[in-house]
1. Compare the peptides 172-179, 56-63 by average per-residue count of other Cβ atoms within 10 angstrom and give them in order, highest first.
2. For region 74-91, what does the Karplus curve 6.51 cos²θ - 1.76 cosθ + 1.60, with θ = phi - 60°, yield as ³J(HN,Hα) per residue in whole Hz, taken in order and with x for Gly and Pro?
3. Students often check this: by mean Cβ neighbours within 10 Å, which of 160-170, 83-93 ranks highest, and how do the rest follow?
4. Output the direction-averaged projected area (hull surface divided by four) of the convex hull of the alpha-carbon atoms of region 106-148, in nm².
5. Determine, from the Cβ-Cβ distance of residue 215 and residue 193 and an R0 of 25 Å, the FRET efficiency 1/(1 + (r/R0)^6), rounded to the nearest 0.05.
6. Could you state how much accessible area residue 76 has, in square angstrom rounded to the nearest 10, with a 1.4 Å probe and all protein chains kept in place?
7. Using all Cα-Cα distances in region 68-208, what percent lands in each 5 angstrom bin from 0 up to the longest?
8. In whole Å, what are the Cα extents of region 63-136 along the three principal axes, biggest one first?
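The values are calculated or read from the model by the stated rules, or taken from the named source; none is laboratory data. A quick note: this is a predicted structure, and the numbers were derived from the prediction, not measured. Cβ atoms come from the backbone with ideal geometry, glycine included; neighbour counts cover every protein chain shown. All accessible areas refer to the heavy atoms of the entire protein, side chains included, with ligands and DNA or RNA removed. Shrake-Rupley method; radii C 1.70, N 1.55, O 1.52, S 1.80 Å.
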Amino acid sequence: MSASEPNAPGSNARGPIAPESGGRHTELILVRHGVTAWNRERRFQGQIDIGLDDEGRAQAVLTGRRLAVWHIDAIYASDLSRARQTAEPIAAERGLAVRIEPRLRERHYGSFEGRTHEELERLQTEAWRRWRRREPDFALPGGGESLRVFHARVAAALGDLARVHPGQTVVAVTHGGVLDIAYRIATGMALEAPRGHDLLNASLNRVRWDGCGFSLLAWADIAHLATSREPAHDDVEARPRRDPLESPVPRDTGATR
């Protein structure tokens, strides 16, 4: 951790600071799990319990080191292994327990799970097209969730975390689909609107609850992965990943440039 990092010991640098508890506002630091072998293959994981690969575990350690000097009151994680394995080094740095919240799970992708994007485009063409169109009420075949049902689950989970921890800062380690819903909740972006925001492995994404709703503070912060062996992945919608410095959404600029 360099002296220019927010709240680094001995630093007098001005600029954005790490989240601190205060007032009745609750701050959620949403962390996408580290990379997995299936992320690299662009294979839908959904609720299949896939663990981190070696690079994903290294990303989790780097994330824990980044957050070690931030004020954090509680740490939650999805019950899937890749989220729990990412949360554990964060919790160890802070001396906190990881609290499991199953509603932070990835979207249930039904028969898409275990398939690559290319396989689905070839084998389930119509369902693939409807998924790509982001039809809010289209339930994915094989028992999958619709976007609207998924949105309701995530909104309830995030709202409950905020209400249980008034005035506190909470880390929630979760999944790319959950991050997408959180971004839309915080910005008012429609469910069917095409995605323009990044959903990066091991990224920090900050939203604030003011008692009435969420607002966006910073997004897709991966400064702590500067020493990682490879760039962060964004594969949820098979979209090319931009240079993070070109993104129009706010970032914690005290550490990303």
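1. Details: 172-179: 26.0, 56-63: 22.8.
Listed from highest to lowest mean packing, they are 172-179, 56-63.
2. 7, 10, 10, 8, 4, 7, 7, 4, 5, 6, 4, 5, 6, 6, 4, x, 5, 5
3. Details: 160-170: 17.3, 83-93: 22.3.
Highest-to-lowest ranking by the protection proxy: 83-93, 160-170.
4. Projected area, direction-averaged: 2.7 nm².
5. 0.90
6. Here the residue's solvent-accessible area equals roughly 20 Å².
7. 2, 9, 18, 21, 20, 14, 8, 6, 3, 1
8. Its Cα atoms span 48, 21, 19 Å along the three principal axes.
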